[in-house]
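K.L.:
Just dropping this structure here.
Values in this text are rule-based calculations from the coordinates and carry no lab data. Here the structure is a predicted model, which means the values were calculated and not measured. We place every Cβ from the backbone using ideal geometry, glycine too, and count neighbours over all the protein chains shown.
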Amino acid sequence: MQKLLWLGVLILLATSCNSEERTAENRTIADGIDSLEAVQEEPQRQEDKSTTDTTVFKVAFEQFFRALQTSDTAAINQFIHREYGLWIIEQPGAVPRMTHVTDIRNFKREYQDRSFFTVKDEVKTCDLKEETWPTFSCADVDYEKKTSGYSKDGCFVAGPGKFQKSGYWNYASLTESQIQTIKSTLPFVQKSVLHTATSFEFHFGFIDGHWRLLFAKLIYPCSA
């Protein structure tokens, strides 16, 4: 009888040890699954971060700028989103003019029907600096002395807030449908570039995994 009792105790101890080993093993497997999921999610977090990383944007802008300088139509069209297109803002008179473009070959600038690529004759260099845009005053513009009117000269990239609040579309003789289309595009703008020598602006958004040129403002300051 006593031998049977000892045998029962030994069986219980063995069962308990096996149960603890299985529990520890299950915890190890669970920890491994959590680690794997974390590794799989990391590229997505990195991709999300890249949409606002200025260093990554600068690479895309350099590609855009190079395409502009070489008049590479196909490359520029890659920066135009098929659905949202590109809105180009000019000011031939007292009010702005906005043109919706889906193929850069079809766009002609207001003055002398020049192509978009004539912008390169005026925007010859653009070494981006990430900082708040400089202030501007028409009183400080002097074309003979080549003063731009800005408190600092150069090429600056900043957030889109100023442009999103500018309201050019409200004065460009657009239909209500066009205005609504523009307003639905504005939230996508993430990076705004200012070239002070011309006062031209280029506004980009990160859509479908690529930086897109959504708005370009080709207006000479104090000219109206």
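K.L.:
What FRET efficiency comes out for the pair Ser166/Asp53, r = Cβ-Cβ distance, R0 = 25 Å, nearest 0.05?
P.N.:
For Ser166 and Asp53, the calculated efficiency is 0.50.
K.L.:
May I ask you to compute the full-extension gain from Thr132 to Ile207, defined as 0.36 nm times their residue separation minus their alpha-carbon distance, rounded to one decimal in nm?
P.N.:
Gain in length upon complete extension: 24.6 nm.
K.L.:
Count neighbours as other Cβ atoms within 10 Å of each site's Cβ, and list the chymotrypsin sites (Phe, Trp or Tyr not before Pro) in segment 122-224 that are DSSP loop with at most 10 such neighbours.
P.N.:
Qualifying residues, ordered by number: Tyr143.
K.L.:
Loop only by DSSP, 16 or fewer other Cβ within 10 Å of the Cβ. Give me the trypsin sites (Lys or Arg not before Pro) in segment 132-224 that pass, ordered by residue number.
P.N.:
Listed in order of number, the matching sites are Lys145, Lys146, Lys152, Lys165.
K.L.:
Right, something else. Per residue of segment 210-215, what does 6.51 cos²θ - 1.76 cosθ + 1.60 with θ = phi - 60° give for ³J(HN,Hα)? Whole Hz please, x for Gly and Pro, Karplus curve as stated.
P.N.:
9, 6, 10, 7, 9, 9
K.L.:
Tell me the GluC sites (Glu not before Pro) within segment 123-224 that lie in a loop according to DSSP and have at most 14 other beta-carbon atoms within 10 Å.
P.N.:
When the GluC sites (Glu not before Pro) of segment 123-224 are filtered for loop state and at most 14 Cβ neighbours within 10 Å, Glu131, Glu144 remain.
K.L.:
At 0.36 nm per residue, minus the direct Cα-Cα distance, what do Thr147 and Thr198 gain on full extension? Give it in nm, one decimal, please.
P.N.:
Computed gain between Thr147 and Thr198 is 17.3 nm.
K.L.:
Which pairs break 24 Å Cα to Cα here: Lys58/Lys124; Lys191/Lys217; Lys108/Lys146?
P.N.:
Table pairs above 24 Å Cα-Cα are Lys108/Lys146.
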